Amino acid sequence: MINIPKGTKDVLPSQSYKWQYIENAAREVARVFGFKEIRTPVFEHTELFLRGVGETTDVVNKEMYTFEDKGGRSITLKPEGTAGAVRLYVENGLSSTPMPVKTYYITPAFRYERPQAGRLREFHQFGIEVFGSKSAETDAEVIFAASSFLNKLNVKDVKLEINSIGCKTCRAAYNAALKAYFKPRLGEMCETCRTRFDTNPLRILDCKEEACKKISADAPAITDYLCDDCRAHFQKVKSLLSGQGVEFTVNPRIVRGLDYYTRTVFEFVSTAIGAQGTVCGGGRYDGLVASLGGPETPAVGFGAGIERLMLLMENTAVPFPEEPAPLIYIAGMDEASRNLAFSLALDLRKKGVSAEIDHMERSVKAQLKYADKLGVKYVAVIGESEMSTGELNVKNMSDGSTQTVKLQNLCSYLTKEK
């Protein structure tokens with residue numbers, strides 16, 4: 001037997017309806033907020049992620065699935081959704097369309113890392129990206145959209161944490177302060193952080209090593225180094241959230257794991273899914289479009305991990321809707337009645353009614369037992385009498401009542417009763 005690759009997961013028929021429930025909630029939130037769907041390739045040129053995600057990030061340094069194709073080109077399975085969305089925006093000339101451009105996607109992504117609860121090598125994201133607006137209102141709207149998505153799924157055990165990591169102007173002063181703080185203790189830190197000290201000291205705050213986390217705990221806070229514009233922008237975001245009753249905590253240690261972020265960053269976190277506590281995160285990335293060859297374009301977005309959301313919902317007993325079942329099962333007693341059941345089921349399906357029949361040549365008793373396992377609402381058995389009279393006795397499985405229905409009226413009866 002050939003087994004599934006490590007870090008991937010099958011979705012069985014008994015679980016797929018949960019995925020559909022989450023994806024439908026995502027699409028509905030996107031609709032009411034005015035976001036339009038985009039779809040980007042599963043793989044892109046590696047350079048896109050080197051320039052977009054950042055060469056100092058763990059994603060690029062340690063986690064990307066990169067290979068050379070038959071044409072000698074370096075190709076990477078996408079590790080996240082934003083870089084591809086920006087490439088789509090630039091390559092397809094969306095900068096010439098009315099602003100803002102509001103997009104969303106539901107996509108697989110791939111990272112080579114140690115599999116654990118809430119973290120797989122193939123995972124799926126619901127993401128939103130808004131291009132063209134630099135306003136704090138847009139930041140707040142994106143956060144509202146994320147909050148609405150979680151609320152629609154009845155996810156309760158999450159907390160919103162926000163921060164501002166400033167712009168190029170104030171980041172320079174903050175980086176200098178971080179270097180001054182970390183330099184005396186550099187020898188106590190991991191090799192990765194020692195490298196980050198020279199390339200991007202802000203990323204040290206994102207290190208998961210316990211020794212580095214302890215050292216970082218007393219590091220200067222970025223919020224003390226914001227320039228006037230960034231401080232005003234962050235204050236407006238906080239005011240808009242508070243004005244709508246959205247609870248949040250300012251966490252100056254949030255920097256996110258990717259290099260493209262500027263100003264507002266945020267995470268919805270939970271303690272109910274172990275170490276992988278972030279179920280949704282994002283922020284503003286005003287320089288990314290230009291760095292990938294487009295015009296100067298402000299942008300903001302988020303990504304939510306579907307597997308982590310499902311794990312959180314299961315761990316906190318958030319109810320999923322019941323798995324949908326066929327509305328009716330039509331059983332046949334012999335070849336002629338089975339043929340009629342086949343025709344009736346097809347006619348019902350053409351009219352949008354879910355119907356099921358026997359495909360295993362079971363006895364009527366076995367068919368009824370199978371129908372009960374399927375959870376159908378109605379059952380009808382066709383025999384000689386039903387074929388001669390043109391009428392069916394339709395049994396309601398929930399209360400045991402039976403109604404005689406003419407064959408030509410079966411669809412209208414079922415749609416009226418359901």
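Assess whether Phe320 counts as being of a type in the set (A, V, I, L, M, F, W, C), at negative phi and either touching a His at 6+ places or on another chain (Cβ under 6 Å) or not assigned by TED's automatic domain parsing to the domain that holds Val53 (or both).
Taking the combined requirement at face value, the residue satisfies it.
If you check Lys213, Lys236, which single one turns out to be of a type in the set (D, E, K, R), modelled with pLDDT of 85 or more and under 17 Å from Arg256 (Cβ atoms)?
Just one listed residue meets the conditions, Lys213.
Can you tell me which of Lys238, Lys213 is surrounded by 17 or more Cβ atoms within 10 Å (Cβ to Cβ), out of contact with any helix residue (DSSP H, G or I) (no Cβ under 6 Å at 6 or more places or on another chain) and part of a helix (DSSP H, G or I)?
Exactly one residue qualifies, and that residue is Lys238.
Condition first: assigned to a loop (DSSP other than H, G, I, E, B) and free of Cβ contacts under 8 Å to residues at least 12 places away in the same chain. Now tell me which residues in region 1-16 satisfy that.
Met1, Ile2, Asn3, Ile4, Asp10, Val11, Leu12
Just to be sure I understand the filter: pairs with C-beta atoms under 6 Å, separated by 6 or more residues or on different chains, first member in region 330-358 and farther than 13 Å from Leu410 by Cα and assigned by TED's automatic domain parsing to the domain that holds Ser385, second member small (Gly, Ala, Ser) and surrounded by 19 or more Cβ atoms within 10 Å (Cβ to Cβ). Which pairs pass?
Gly332/Ala341; Arg338/Gly332; Ile357/Ala341; Ile357/Ala345
Hey, could you check region 389-418 for residues that are part of a loop (DSSP other than H, G, I, E, B) and in contact (Cβ under 8 Å) with a residue 24 or more places away in the chain and say which is farthest from Lys377 (Cα to Cα)?
So the residue we want is Lys418.
For region 135-143, check the following and say yes or no: at least one residue is closer than 30 Å to Val318 by Cα and in contact with a helix residue (DSSP H, G or I) (Cβ under 6 Å, 6 or more places away or on another chain).
Looking for residues that are closer than 30 Å to Val318 by Cα and in contact with a helix residue (DSSP H, G or I) (Cβ under 6 Å, 6 or more places away or on another chain), one finds at least one in region 135-143, hence yes.
Out of region 345-398, which residues are among the hydrophobic types (A, V, I, L, M, F, W, C) and surrounded by fewer than 16 Cβ atoms within 10 Å (Cβ to Cβ)?
Leu346, Met360, Ala366, Leu374
Considering (1) modelled with pLDDT of 90 or more; (2) of a type outside the set (Asp, Glu); (3) farther than 22 Å from Lys62 by Cα; (4) surrounded by fewer than 24 Cβ atoms within 10 Å (Cβ to Cβ), say which one Ala272 fails and leave the rest.
(1)
So if I check each of Ala25, Ala30, Ala85, which one is at pLDDT 95 or above, assigned by TED's automatic domain parsing to the domain that holds Ile306, within 15 Å of Gly293 (Cα to Cα) and hydrophobic (A, V, I, L, M, F, W, C)?
Ala85 is the lone residue from the list that is at pLDDT 95 or above, assigned by TED's automatic domain parsing to the domain that holds Ile306, within 15 Å of Gly293 (Cα to Cα) and hydrophobic (A, V, I, L, M, F, W, C).
Quick one: Asp198 ticks every box in (1) charged (D, E, K, R); (2) under 27 Å from the mean Cα position of the chain (by Cα); (3) outside the structural domain of Lys156 (by TED's automatic domain parsing); (4) part of a helix (DSSP H, G or I) except a single one, so which number is it?
So the condition that Asp198 fails would be (2).
Among the residues of region 97-117, are any at pLDDT below 95, among the charged types (D, E, K, R), touching a helix residue (DSSP H, G or I) at 6+ places or on another chain (Cβ under 6 Å) and surrounded by fewer than 20 Cβ atoms within 10 Å (Cβ to Cβ)?
Taking every residue of region 97-117 in turn, at least one turns out to be at pLDDT below 95, among the charged types (D, E, K, R), touching a helix residue (DSSP H, G or I) at 6+ places or on another chain (Cβ under 6 Å) and surrounded by fewer than 20 Cβ atoms within 10 Å (Cβ to Cβ).
May I ask you to list the residues in region 301-318 that are assigned to a helix (DSSP H, G or I) and surrounded by 15 or more Cβ atoms within 10 Å (Cβ to Cβ)?
Ile306, Glu307, Arg308, Leu309, Met310, Leu311, Leu312, Met313, Asn315
Looking at (1) in a helix (DSSP H, G or I); (2) surrounded by fewer than 21 Cβ atoms within 10 Å (Cβ to Cβ); (3) in contact with a strand residue (DSSP E or B) (Cβ under 8 Å, 6 or more places away or on another chain), find the lone condition where Glu161 falls short.
Checking Glu161 against (1) in a helix (DSSP H, G or I); (2) surrounded by fewer than 21 Cβ atoms within 10 Å (Cβ to Cβ); (3) in contact with a strand residue (DSSP E or B) (Cβ under 8 Å, 6 or more places away or on another chain), the one that fails is (1).
What is the residue count in region 60-86 for residues that are surrounded by fewer than 21 Cβ atoms within 10 Å (Cβ to Cβ) and touching an Asp or Glu at 6+ places or on another chain (Cβ under 8 Å)?
Final tally of qualifying residues: 5.
The values are calculated or read from the model by the stated rules, or taken from the named source; none is laboratory data. Only a predicted model underlies this, so the values are computations on that prediction, with no experimental measurement involved. Positions of Cβ are backbone-derived with ideal geometry, glycine not excepted, and every protein chain shown enters the neighbour counts.
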